[in-house]
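Asks: Can you keep this structure in mind? I'll have questions shortly.
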Amino acid sequence: MADFLTGYSITQPNKLAMIDDRPDGTVRSLTFAQLNERSNRLANVLLGMGVLPGESKVVWCGQNSIGLVLMVNAARKLGVTAVPLNYRLSDEEAAYVVDHCDATVVYVDAEFAPVEVAGPFDKRELDAQFVRERETLLTRGWRRLREVAGGELPIIDYPLAEFRKQKDER
């Protein structure tokens, strides 16, 4: 499928792509260039977390927002399935969706971070060392994303060093 977002970011970089007006009165907007750049960055974060293009599924939980649009576009760019998880579901219903979709990554908006999932993503059921390593990796990825946000760093230079090395070895 053609990447229309990249096309628009090239032909109409400064055109308004979206407006996100929150119930608290906060209004954020992104141009096509900004939306494309941030979607590419998130796609690289997902790659760094082990998402495989054309194979993986990513669960997303949160309200309609810029974050949702970024996740859907990042997943589309990677050719992975973005599985929506309604934040209004009960814990049992949410666990059912996550347990039965074979997701590689579960992304939860900070507002819904207290959501706990049972089954294969329940940290209490995983190896403690594995959990520490993944949490450390996620934290480093988040810090790297914050570090390059708004900068002029090319997307290829975004991933953490060990993932650039893995990519180069492939």
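Asks: Mind checking which pairs have a first residue in the range 64-81 that is in contact (Cβ under 8 Å) with a residue 60 or more places away in the chain and of a type in the set (Lys, Arg) and a second that is part of a helix (DSSP H, G or I) and buried (at least 18 other Cβ atoms within 10 Å of the Cβ), Cβ under 6 Å, 6 or more apart or different chains?
Replies: Partner pairs satisfying both residue conditions: LYS77/ALA43.
Asks: Could you please give the count of residues in the range 98-128 that are at pLDDT below 65 and either touching a Lys or Arg at 6+ places or on another chain (Cβ under 6 Å) or crowded, with 16+ Cβ neighbours inside 10 Å (or both)?
Replies: Of the residues in that region, 3 qualify.
Asks: May I pose another question? Can we say THR11 is more than 30 Å from TYR96 (Cβ to Cβ) and open to solvent by 70 Å² or more (accessible area, probe 1.4 Å)?
Replies: So THR11 fits the description; yes.
Asks: Follow-up question, since we're still on this one. Looking at the range 1-52, which of the residues that are touching a strand residue (DSSP E or B) at 6+ places or on another chain (Cβ under 7 Å) and β-branched (Val, Ile, Thr) is farthest from LEU68 (Cα to Cα)?
Replies: Ranking the candidates gives VAL51 first.
Asks: Within the range 23-52, how many residues turn out to be polar (S, T, N, Q), open to solvent by 30 Å² or more (accessible area, probe 1.4 Å) and in a helix (DSSP H, G or I)?
Replies: Of the residues in the range 23-52, 2 are polar (S, T, N, Q), open to solvent by 30 Å² or more (accessible area, probe 1.4 Å) and in a helix (DSSP H, G or I).
Asks: Could you check GLU55 against (1) open to solvent by 60 Å² or more (accessible area, probe 1.4 Å); (2) without any contact (Cβ under 8 Å) to a residue 24 or more places away in the chain; (3) in a loop (DSSP other than H, G, I, E, B) and say which number it fails?
Replies: (2)
Asks: Output the residues belonging to the range 1-22 that are under 18 Å from the mean Cα position of the chain (by Cα) and assigned to a loop (DSSP other than H, G, I, E, B).
Replies: Passing the criteria: only ASP3.
Asks: For a quick check of your reading of the model, give me the residue pairs whose first member lies in the range 90-109 and is under 25 Å from LEU137 (Cα atoms), whose second is aromatic (Phe, Trp, Tyr) and open to solvent by 50 Å² or more (accessible area, probe 1.4 Å), with beta-carbon atoms closer than 6 Å and at least 6 apart or on different chains.
Replies: Every condition considered, the pairs that remain are VAL98/PHE121; VAL106/PHE121.
Asks: Could you check ILE10 against (1) free of Cβ contacts under 8 Å to residues at least 12 places away in the same chain; (2) in contact with a Gly (Cβ under 8 Å, 6 or more places away or on another chain) and say which number it fails?
Replies: That leaves (2) as the condition not met.
The values are calculated or read from the model by the stated rules, or taken from the named source; none is laboratory data. All of these numbers come straight from a predicted model, not from anything done at the bench. So basically every Cβ, Gly included, is an ideal-geometry build from the backbone, and we count neighbours across all protein chains shown. Quick note on the areas: whole protein, heavy atoms, side chains included, nothing else; ligands and nucleic acids left out. Shrake-Rupley method; radii C 1.70, N 1.55, O 1.52, S 1.80 Å.
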